[in-house]
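Chemist: Here you go, one structure.
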Amino acid sequence: MTPFTYRCTDCGREYAREQVRYLCPECGKRYRPGIPLVGVLEVVFDYEAICSTFKCEKPDWNLFCAVEPEFFPPMAVGNTPLVKVQRLGEGLGLPQLWVKNDGLNPSGSLKDRASFLVVAEAKRLGEKRVVTASTGNAASALAVVCASAGLEALIFVPEKAPKGKLVQMVVAGATVVPVQGTYDDAFRLSLEFTAQRGGLNRNTAYHPLTLEGKKTVGLEIWAQLGFQVPDAVIVSVGDGVILGGVHKAFVDLQRAGFIDRLPRLIGVQAEHSDAIHRYVQTGRYSDAPTPATRADSISVVCPSNAHGARKAVLDSHGLTLTVTDDEILDAQGSLARSTGIFTEPAGAAAMAGLLKLQKGPDRLPANARVVLLATGHGLKDIESPLTRIAIPAAVEPRMEALNL
């Protein structure tokens, strides 16, 4: 592990590791539930030390990590495949198209990366309980990582969270509290709980190590591309923390002197859960008041990392766009049929965005090296694809009964 400090992304104040836990003590005073987080902290490493020590021939990723390996939970998270999808890419005019399949993490989503690091921090601090609010994936991730580490997971979820994700949490031994209302209601209640009753709050962006955990997907992409920077990374966006995490990965690499440019970040939102997209487009923030979408993992009224996500897009000279639920479900099927990768609707939103992008004036050039981030496994939510497909009826076990 490399020495680091926490820096406020609003005021620039820096804090020693043990001085802070969640938001900037000064800017965080302005935060209230119902608005995007202010005073979000970023980890700032000793980049000269990383530069002098890190070797691509034998990469030590712990140099980019904010928790000592001795506290890591006994679970293999990350190192998911980066697959070159030649047939799909050629059909889109992108022969250098890759899919980072993070649905192959232990709980089936990228969110394992953040939970892994926050649970490691809980072990370092001697906390026995980790608390979060989630639409499902972050909660499932916390449940399984806490189970591996022997810690208690307390999870607040919207009452309409997909059953598959709820089952995963309960089977892993988490205490699950369905909340009448939205993800934003669950988020607020989880903050109140930890403020009054303790435990470490894992809420996305509220705890700075969630960004650090999610950045590992960007570090892996860089390494798996032969230590080359992709030209663009396509990311589905809900609260904006995965987008922020990917950005932080390449910012860290740039600060350490290993790369000289950032990849363009292309954020894709569901059309009714579009607060970050509108913020990027107009420079003015407003909630998405009715964020109904089949892609439950990106359904958010008030994205916690709205400010950080907008900055990531602008800093990388990227863009955002929105897609409909029909486009998401069509893209889910297209991705599965052309690559064999079955991703949940939230992950398929990125695919839908790429399909839409390549039909418009902002299409990516044919020589671009493009990475599509598939954030969760399709088995997380089988109800959505069942609105588009039918399971065949059984036939008698006779050749004559086959209509093939």
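The values are calculated or read from the model by the stated rules, or taken from the named source; none is laboratory data. Keep in mind that what you see is a predicted model, and the values were worked out from it rather than measured. Cβ placement follows ideal geometry from the backbone for every residue including glycine, while neighbour counts extend to all protein chains displayed.
Chemist: Taking the residues in the stretch 243-265 that are within 17 Å of Asp46 (Cβ to Cβ) and of a type outside the set (A, V, I, L, M) as candidates, determine which candidate is surrounded by the fewest Cβ atoms within 10 Å (Cβ to Cβ).
Modeler: Of everything passing the filter in the stretch 243-265, Gly257 is surrounded by the fewest Cβ atoms within 10 Å (Cβ to Cβ).
Chemist: Considering only residues that are surrounded by 24 or more Cβ atoms within 10 Å (Cβ to Cβ) and of a type in the set (S, T, N, Q), which ones fall in the stretch 300-317?
Modeler: Hits for the stretch 300-317 are Ser304, Asn305.
Chemist: Looking at Ala331 and the list (1) touching a strand residue (DSSP E or B) at 6+ places or on another chain (Cβ under 8 Å); (2) in a loop (DSSP other than H, G, I, E, B), which single condition is not satisfied?
Modeler: The number of the failed condition is (2).
Chemist: Exactly one condition in (1) loosely packed, with under 11 Cβ neighbours inside 10 Å; (2) modelled with pLDDT of 95 or more is false for Ile391; which is it?
Modeler: (2)
Chemist: I've got another one for you. Within the stretch 345-404, count every residue that is in a loop (DSSP other than H, G, I, E, B), farther than 21 Å from Gly91 by Cβ, without any contact (Cβ under 8 Å) to a residue 12 or more places away in the chain and among the charged types (D, E, K, R).
Modeler: 2
Chemist: Hey, could you check the stretch 334-349 for residues that are at pLDDT 95 or above and hydrophobic (A, V, I, L, M, F, W, C) and say which is nearest to His277 (Cα to Cα)?
Modeler: Going through the qualifying residues, I end up with Ala349.
Chemist: For residues that are within 22 Å of Asp239 (Cβ to Cβ) and not in a loop (DSSP other than H, G, I, E, B), tally how many sit in the stretch 1-42.
Modeler: Total satisfying the criteria: 9.
Chemist: Here is a further query. For the stretch 194-229, what are the residues that are of a type in the set (Gly, Ala, Ser) and either buried (at least 21 other Cβ atoms within 10 Å of the Cβ) or within 20 Å of Asp296 (Cβ to Cβ) (or both)? First the steps, then the outcome.
Modeler: From the stretch 194-229, those of a type in the set (Gly, Ala, Ser) are 195, 198-199, 205, 213, 218, 223, 226; that's our starting set.
Answer for the stretch 194-229, where residues must be of a type in the set (Gly, Ala, Ser) and either buried (at least 21 other Cβ atoms within 10 Å of the Cβ) or within 20 Å of Asp296 (Cβ to Cβ) (or both): Ala205, Gly213, Gly218.
Chemist: Taking the stretch 175-189 as the search range and keeping residues that are assigned to a loop (DSSP other than H, G, I, E, B) and among the polar types (S, T, N, Q), which one is surrounded by the fewest Cβ atoms within 10 Å (Cβ to Cβ)? Give the steps one after another, and end with the answer.
Modeler: First, pick out the residues of the stretch 175-189 that are assigned to a loop (DSSP other than H, G, I, E, B): 180-182.
Next, from what is left, pick out any that are among the polar types (S, T, N, Q): 180, 182.
Values: Gln180: 9, Thr182: 19.
If we take residues in the stretch 175-189 being assigned to a loop (DSSP other than H, G, I, E, B) and among the polar types (S, T, N, Q), then Gln180 is surrounded by the fewest Cβ atoms within 10 Å (Cβ to Cβ).
Chemist: All but one of (1) modelled with pLDDT of 95 or more; (2) hydrophobic (A, V, I, L, M, F, W, C); (3) assigned to a loop (DSSP other than H, G, I, E, B) hold for Val280; state the number of the condition that does not hold.
Modeler: Result: Val280 fails condition (3) only.
Chemist: So, in the stretch 230-246, how many residues would count as being touching a helix residue (DSSP H, G or I) at 6+ places or on another chain (Cβ under 7 Å) and farther than 19 Å from Ser297 by Cβ? Before the answer, list the steps.
Modeler: Initial filter on the stretch 230-246 (touching a helix residue (DSSP H, G or I) at 6+ places or on another chain (Cβ under 7 Å)): 230, 233-238, 240-246.
From what's left, farther than 19 Å from Ser297 by Cβ: 230.
Total meeting the criteria: 1.
Chemist: Going by what's in this entry, would Val233 be described as closer than 25 Å to Thr322 by Cβ and part of a strand (DSSP E or B)? It would help to see each step written out before you state the result.
Modeler: Working: closer than 25 Å to Thr322 by Cβ: yes; part of a strand (DSSP E or B): yes.
In short, yes.
Chemist: Any residue in the stretch 136-149 that's surrounded by fewer than 24 Cβ atoms within 10 Å (Cβ to Cβ): show its pairings with residues that are of a type outside the set (Lys, Arg) at Cβ separation under 7 Å, as long as the two are six or more apart or on different chains.
Modeler: These pairs meet every condition: Ala147/Ala172; Ala147/Gly173; Ser148/Pro73; Ser148/Pro74; Ser148/Met75; Ala149/Pro73; Ala149/Val119.
Chemist: Please list, ordered by first then second residue, the pairs with beta carbon atoms under 6 Å, 6 or more apart or interchain, first in the stretch 7-25 and at negative phi, second among the basic types (Lys, Arg).
Modeler: Pairs that qualify, where the first residue is at negative phi and the partner is among the basic types (Lys, Arg), are Glu14/Arg7.
Chemist: When the residues of the stretch 63-75 are narrowed to those that are assigned to a loop (DSSP other than H, G, I, E, B) and aliphatic (A, V, I, L, M), which ends up farthest from Leu117 (Cα to Cα)? Give the steps one after another, and end with the answer.
Modeler: Looking only at the stretch 63-75, we keep the residues that are assigned to a loop (DSSP other than H, G, I, E, B), and these are 65-68, 72-75.
From the residues that got through so far, the ones that are aliphatic (A, V, I, L, M) too are 66-67, 75.
Details: Ala66: 8, Val67: 7, Met75: 11 Å.
If we take residues in the stretch 63-75 being assigned to a loop (DSSP other than H, G, I, E, B) and aliphatic (A, V, I, L, M), then Met75 is farthest from Leu117 (Cα to Cα).
Chemist: Being among the charged types (D, E, K, R) and part of a loop (DSSP other than H, G, I, E, B) is the filter here; which residues of the stretch 283-328 pass it? Reasoning before the result, please.
Modeler: Filtering the stretch 283-328 for residues among the charged types (D, E, K, R) gives 284, 287, 294, 296, 310-311, 315, 325-327.
If the condition is that a residue be among the charged types (D, E, K, R) and part of a loop (DSSP other than H, G, I, E, B), then Arg284, Asp287, Arg294 are the ones that fit.
Chemist: Does any residue of the stretch 158-174 turn out to be surrounded by fewer than 19 Cβ atoms within 10 Å (Cβ to Cβ) and either touching a Leu at 6+ places or on another chain (Cβ under 6 Å) or of a type in the set (Ser, Thr, Tyr) (or both)?
Modeler: No, the stretch 158-174 contains no residue that is surrounded by fewer than 19 Cβ atoms within 10 Å (Cβ to Cβ) and either touching a Leu at 6+ places or on another chain (Cβ under 6 Å) or of a type in the set (Ser, Thr, Tyr) (or both).
Chemist: Need a quick list: helices (runs of 4 or more DSSP H) entirely within the stretch 76-157 having at least 3 residues that are over 25 Å from Ala223 (Cβ atoms) and among the aliphatic types (A, V, I, L, M).
Modeler: Working: elements: 86-91, 112-125, 137-149.
Where helices (runs of 4 or more DSSP H) fall fully within the stretch 76-157 and carry at least 3 residues being over 25 Å from Ala223 (Cβ atoms) and among the aliphatic types (A, V, I, L, M), they are 137-149.
Chemist: Filter the stretch 318-366 for residues that are of a type in the set (S, T, N, Q) and crowded, with 20+ Cβ neighbours inside 10 Å and give the result.
Modeler: Going residue by residue through the stretch 318-366, those that are of a type in the set (S, T, N, Q) are 320, 322, 324, 332, 334, 338-339, 343, 358.
Scanning the stretch 318-366 gives Thr320, Thr322, Gln332, Thr339, Thr343.
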